[in-house]
Amino acid sequence: MPGRSPNSGQAAPGRRISLDIMSGDESPRSRIRAALRALDAYSDLHLILVGNQKLITEHLSSASFDQSRLHIVHAEKTIGMDDKPSAALRGREGSSMWLALEQVADGHAAACVSSGNTGALMAMGRFALKTFVGIDRPAIAAAVPCKGGSALLLDMGANVDCSATNLYQFAVMGSQLVASVNELDAPRVGLLNVGTEDIKGNEQVRLADRLLKEDGRLNYIGYIEGHDVFAGKADVVVCDGFVGNVTLKTGEGVANLIRDTLLDAFQQTLWRRFLALIVAPVLRKLYRSIDPVVYNGASFLGLQGIVVKSHGHSDEEGFYRAIQEAVREVDSDVTGRLSEEVESMLKGD
């Protein structure tokens, strides 16, 4: 609660996560509700709520929760969603985003979750946490629905222009994340391209293909095309940030189209409305399997700390999902495993 040190007698952060309560397009109250929900779901979880202390305290006043597991760090200001990363970095002091990242940098928290400005979060993350040795650029990685479950797609928009080395490093980090969190021994890594033939793709993609083939420790399956992403052909899909962002947004648009088209079709006649009641369980399962909210929570890979980016428009459910992703990465010791494995693989040991 207010006035308590975030460390509160614990030597190690463990399942302690800092939440940027203020940043994002939705009301901070939805993020506070998600935090309380997470405390109910994980009995040993400790949360650091970073934001306007008065607002947070007022909203918590009517809630029932274990006060020893929730702490507040007051923030004077909020980074805007339209702020340029460079300007946000210069004005970082006292902002909820920066203070949430500082909890990780100072060892008070094992992970940070924010719905704020992506560019600002990446810039501040690089400044506060630094990158792993050998990693040129961090990447944003997120799960996308596919046949049989989900696939990790990276980069999602942090790096619009990538070299072949960047793409190779993304593959290494993505493979290690999936191996750690999903407990897969040899995740299938695919390189997103305009075709599967060797002559297809730009120079960076063809050079990256060569680098990936040379590393026998990766389970590299070669080029995959856009439709292969959602067919579940690969566990890790590698591309530059421009392609990745378009792929993600297109997939979300198609999911929404399917949902809206089905809803409209079942409302057209009385018979169809009756039929909708019969198939409702099937429809709910379908919606859940393609709902972007279910897959909310993108990881900033390459930083020396766990940072999870929630969608700016995330409601309570979406932000809760992002917290869940942070918990999974903390439990899997993603930072430790990436630090060891990435350095080893990139050095060719």
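The values are calculated or read from the model by the stated rules, or taken from the named source; none is laboratory data. Everything numeric here is computed off the predicted structure, so don't read it as measured data. Here the Cβ positions follow ideal geometry from the backbone for every residue, glycine too, while neighbour counts run over all protein chains shown.
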Quick check on this structure: which one of Met124, Met97 is of a type in the set (A, V, I, L, M), farther than 21 Å from Gln53 by Cα and crowded, with 24+ Cβ neighbours inside 10 Å? Met124
Asp66 passes all but one of (1) without any contact (Cβ under 8 Å) to a residue 40 or more places away in the chain; (2) surrounded by fewer than 21 Cβ atoms within 10 Å (Cβ to Cβ); (3) under 27 Å from Val293 (Cα atoms); which number fails? (3)
β-branched (Val, Ile, Thr) and within 21 Å of the chain's Cα centre (by Cα), is that true of Val205? no
Of these, Val293, Val330, Val254, Val282, which one is on the phi < 0 side of the Ramachandran plot, part of a helix (DSSP H, G or I), of a type in the set (Val, Ile, Thr) and at pLDDT 90 or above? Val330
Quick check: anything in the range 210-217 buried (at least 17 other Cβ atoms within 10 Å of the Cβ), assigned by TED's automatic domain parsing to the domain that holds Ala142 and not hydrophobic (A, V, I, L, M, F, W, C)? no
Residue match in the range 225-235 (condition: of a type in the set (D, E, K, R) and touching a Pro at 6+ places or on another chain (Cβ under 9 Å)): yes
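Results for (1) within 16 Å of the chain's Cα centre (by Cα); (2) crowded, with 24+ Cβ neighbours inside 10 Å, shown as yes or no for each residue.
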site	(1), (2)
Thr78	no, no
Ala87	no, no
Ala105	no, no
Ala139	yes, yes
Gly157	yes, no
Ser175	yes, yes
